[in-house]
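This report refers to the structure that appears directly beneath it.
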Amino acid sequence: MDVIVKVFGSEPPCAKCKMAHDVARKVQEKIGEGIVVEKYSAFSEEGDKYGIMMTPTVVVQDEIAVVGKVPSEKKLEEIIRSKMKGD
Amino acid sequence: MTIEVLLMAGFETLKEYLALHVLMCLVPAFFLAGAVASLFSRESVLRYFGSDAPKCISYSVASVSGVLLAVCSCTVLPLFAGIYKRGAGIGPATTFLFSAPAINLLAIVYTAKILGFDIGAARAVAAVGMSIVIGLVMAMVFRSEDKAKVRAMTLAVENEINPAHQAGLFALLLAILVLGGIIDAWMWRGLVLGPLVILTVYVSVKWFDDEQIHDWMYETWDLTKKIFPLLLVGVFFAGMILQLLPSDLVVRFVGGNSVQSNLVASVAAALMYFATLTEVPIIDSLMKLGMGSGPVLAMLLAGPALSLPNMIVIGRVVGLKKATVYIILTAIMATIAGFVAGNILWR
């Protein structure tokens with residue numbers, strides 16, 4: 001099953017949210033198959049589901065991974081890989 | 001008046017603002033703000049915004065946490081929406097929304113440096129005090145709608161930084177900032193600040209790992225990059241305003257400390273959009289043209305808290321009715337604060 005990475009950003013768009021999404025996309029390219037990266041507004045219903053308070057927030061497989069800052073590629077990759085192993 | 005005269009006025013003001021003593025206060029402030037954004041655990045603060053936190057704690061934390069949480073204004077709206085929809089509700093949410101932009105570290109330091117210590121302090125105190133009143137009024141008006149919310153954020157994020165180290169670094173950076181502002185003589189500055197800076201560098205390397213320091217420097221640079229160019233534009237405009245705006249007009253509308261002057265300042269500020277910190281040089285120009293101290297405070301309070309773009313987002317998050325009440329309430333409270341302070345402190 002695919003690991004789902006959700007990136008929550010602010011409105012009006014903020015620079016860091018865009019960067020967090022870019023980082024997620026880069027990690028996705030690097031690992032290749034098995035990852036889906038999705039982008040949401042913090043004010044959306046999806047945001048309600050996780051109780052987003054700070055942006056960017058990155059959720060990996062329904063678990064909040066990073067809050068309020070841009071994750072490093074290394075860290076996000078680690079988190080995603082550990083989730084992939086878990087399945 | 002020719003274009004050259006206007007441009008020259010803009011450049012003159014730029015020169016004045018780029019003076020060494022102003023930069024001396026801004027540089028440490030940016031480092032401090034960067035440290036706050038990257039090294040300090042915000043999760044521990046967010047906990048007090050949960051729906052099960054005691055209300056009085058939520059209000060107090062909401063009124064002051066802007067210092068830690070709102071280094072950049074773009075973090076304010078998501079947090080506001082988060083507190084409203086997923087946490088403590090409309091009261092603490094509006095308290096945070098009002099106070100956060102006004103008490104962010106950079107804004108207070110810069111206000112005190114440019115407009116004077118008394119106005120800087122009044123801005124901070126009034127922002128915190130008024131914000132609680134606004135939150136309580138909002139909660140009272142809309143009490144029936146404040147029902148159970150969506151589940152609050154589950155914070156599984158670990159905080160690996162020692163709180164004592166956070167506090168130590170904060171104290172050191174704050175000391176550099178404050179002493180740099182107080183001490184006038186260059187020799188004393190060197191003698192006192194030099195060792196402090198060296199000590200700060202030393203403990204930073206000792207306490208924090210490479211990645212954390214990298215994050216800190218990155219945040220500092222990112223903030224500088226985001227805020228500084230806009231600030232320069234603001235200063236430039238402030239210089240032009242000084243030439244363009246007739247002094248008697250300013251005195252007529254926002255001079256003195258009448259209720260009317262305060263109201264005009266507050267409503268005008270609510271409709272204007274100020275990029276972070278630019279409210280300061282612009283208000284400085286208006287002051288030079290004869291704006292009263294009370295209206296200055298009113299404008300400092302209403303300006304960063306409200307602008308047309310953020311009114312739109314607020315409306316979308318809480319609905320038209322609540323947004324309207326909040327906006328009117330903010331304009332009124334800023335007017336009252338300006339009027340009271342103007343007639344008591346700065347008569």
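The values are calculated or read from the model by the stated rules, or taken from the named source; none is laboratory data. Predicted model only: the values in this text are computed from it and were never measured. Methodologically, a virtual Cβ is constructed for each residue, glycine included, from the backbone with ideal geometry; neighbour enumeration extends over all protein chains shown. Each accessible area value is taken on the protein alone, full model and side chains, heavy atoms only, with ligands, DNA and RNA left out. Shrake-Rupley method; radii C 1.70, N 1.55, O 1.52, S 1.80 Å.
Brief remarks follow.
- Zone of B:Q243's modelled label, taken as backbone nitrogen in segment B:1-24 under 19 Å from a point 7 Å along Cα→Cβ: B:1-18
- Karplus (6.51, -1.76, 1.60) ³J(HN,Hα), θ = phi - 60°, over segment B:315-322, in Hz, Gly and Pro reported as x: x, 5, 6, 9, x, 4, 5, 5
- Inter-label distance for B:W186 and B:Y218, nm, one decimal - labels placed 7 Å from Cα along Cα-to-Cβ: 3.8
- Cβ-placed point charges (K, R +1; D, E -1), dipole of chain B about Cα centre in debye, nearest 20: 1080
- Compactness of the protein assembly as shown as Cα Rg over 2.2 N^0.38 Å, two decimals: 1.02
- Computing FRET efficiency as 1/(1 + (r/R0)^6) for A:R81 and B:R316, where r is the C-beta to C-beta distance and R0 is 30 Å, gives about 0.20.
- In this structure, B:T324 and B:A275 have a Cβ-Cβ separation that, at R0 = 22 Å, corresponds to a calculated FRET efficiency of about 0.30.
- For segment A:1-61 versus segment B:167-210, the inter-centroid distance based on Cα atoms is 38 Å.
- Projecting the Cα atoms of B:S65, B:G315, B:I3 onto the dipole axis of chain B, where Lys and Arg carry +1 and Asp and Glu carry -1 at the beta carbon, places B:G315 farthest toward the positive end.
- Peptides B:205-211, B:341-347, ordered by how many other C-beta atoms sit within 10 Å of their residues on average, highest first, read B:341-347, B:205-211.
- Cα-centred dipole magnitude for the protein assembly as shown, charges only on beta-carbon of K, R (+1) and D, E (-1), debye, nearest 20: 800
- Where both bridge residues fall in chain A, DSSP classifies roughly 55% of the beta bridges as antiparallel.
- FRET E, pair A:K18, A:E45, Förster distance 22 Å, beta-carbon r, rounded to 0.05: 0.50
- At the residue level, A:D48 shows approximately 20 square angstrom of accessible surface with a 1.4 angstrom probe and all protein chains present.
- Separation in nanometres of the label points that stand 7 Å from Cα toward Cβ, at B:F117 and B:E12: 3.0
- What you get for segment B:210-347, charging only the Cβ of Lys and Arg (+1) and of Asp and Glu (-1), is a dipole of about 700 debye around the Cα centre.
- Note on B:I161 and B:M140: the model spin-label points, each 7 Å out from Cα along the C-beta direction, lie 3.9 nm apart.
- Over all other residues within a Cβ to Cβ distance under 10 Å of A:A15, the charged ones net out to +3, with Lys and Arg as +1 and Asp and Glu as -1.
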